[in-house]
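Below is the structure I would like to discuss, written out as structure tokens.
The values are calculated or read from the model by the stated rules, or taken from the named source; none is laboratory data. Bear in mind that the values here come from a model prediction, so they are computed numbers and not experimental data. Note: ideal-geometry Cβ built from the backbone for every residue, glycine included; neighbour counts use all protein chains shown. Calculation scope for accessible area: heavy atoms of the full protein, side chains included, ligands and nucleic acids excluded. Shrake-Rupley method; radii C 1.70, N 1.55, O 1.52, S 1.80 Å.
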Amino acid sequence: GDGRPGNALYRDGRIAALLDWEIASIGLPAFDLAYLIWSAEVLSEANNVPRLAGLPTREETIACYERMAGAPIDFAYGEMFALTRLSVMNIIGGAQAKDNAYFDRFIRQNAIIDALDARLNG
């Protein structure tokens, strides 16, 4: 979810590997799946663009993942973990922002934080 030059390793002038270690962990596959699904949502919202046409729906993505893994996945648990982690990242990023508009947009009006709140209080 963070493709940029600082997250790439190069060999012979070509990209050899992509990295993004800030939130790397060993955990349940559902964590990665939920992060993938919610990252797509947040990137669309953050850039004020619709989700890319042709991307599978949330349900299709989960079904495909389960089919490829050969087992059901506890997505609800993975989603809570991913939403919590992404909310914390947004709060830290917002707290470091010098622009109040950024804070308002990504903390007070954020799909991730709203989704976490709805699941915790809904």
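Within the stretch 11-27, track down each residue that is open to solvent by 80 Å² or more (accessible area, probe 1.4 Å) and modelled with pLDDT of 85 or more.
Hits for the stretch 11-27 are Arg11, Asp12, Arg14, Ile15.
Looking at Ile62, Ile92, can you tell me which residue is modelled with pLDDT of 75 or more and exposed (fewer than 13 other Cβ atoms within 10 Å of the Cβ)?
Sole residue among the options that is modelled with pLDDT of 75 or more and exposed (fewer than 13 other Cβ atoms within 10 Å of the Cβ): Ile92.
Let me ask you something else. Taking into account only those residues within the stretch 102-121 that are at pLDDT 70 or above and over 15 Å from Leu43 (Cβ atoms), which is surrounded by the most Cβ atoms within 10 Å (Cβ to Cβ)?
Step by step, filter the stretch 102-121, then rank; the result is Leu116.
When you look at Ile37, is it touching a Lys or Arg at 6+ places or on another chain (Cβ under 7 Å) and β-branched (Val, Ile, Thr), yes or no?
For Ile37, the condition - touching a Lys or Arg at 6+ places or on another chain (Cβ under 7 Å) and β-branched (Val, Ile, Thr) - is met.
Note down all Cβ pairs under 7 Å where the first residue falls in the stretch 62-90 and is free of Cβ contacts under 8 Å to residues at least 12 places away in the same chain, the second is outside any helix (DSSP H, G or I), and they're at least six residues apart or on different chains.
So the pair list comes out as Cys64/Pro56; Glu66/Pro72; Glu66/Ile73.
While we're on this one: Condition first: modelled with pLDDT under 80 and loosely packed, with under 11 Cβ neighbours inside 10 Å. Now tell me which residues in the stretch 28-50 satisfy that.
Asn47, Asn48
Looking for whichever is open to solvent by less than 40 Å² (accessible area, probe 1.4 Å) and either of a type in the set (Gly, Ala, Ser) or out of contact with any strand residue (DSSP E or B) (no Cβ under 6 Å at 6 or more places or on another chain) (or both) here; the options are Ala53, Ala8, Ala76. Which one fits?
The unique qualifying residue is Ala8.
Go through (1) more than 16 Å from Leu28 (Cα to Cα); (2) open to solvent by 60 Å² or more (accessible area, probe 1.4 Å); (3) at pLDDT below 90 and name the single condition Ser87 misses.
(2)
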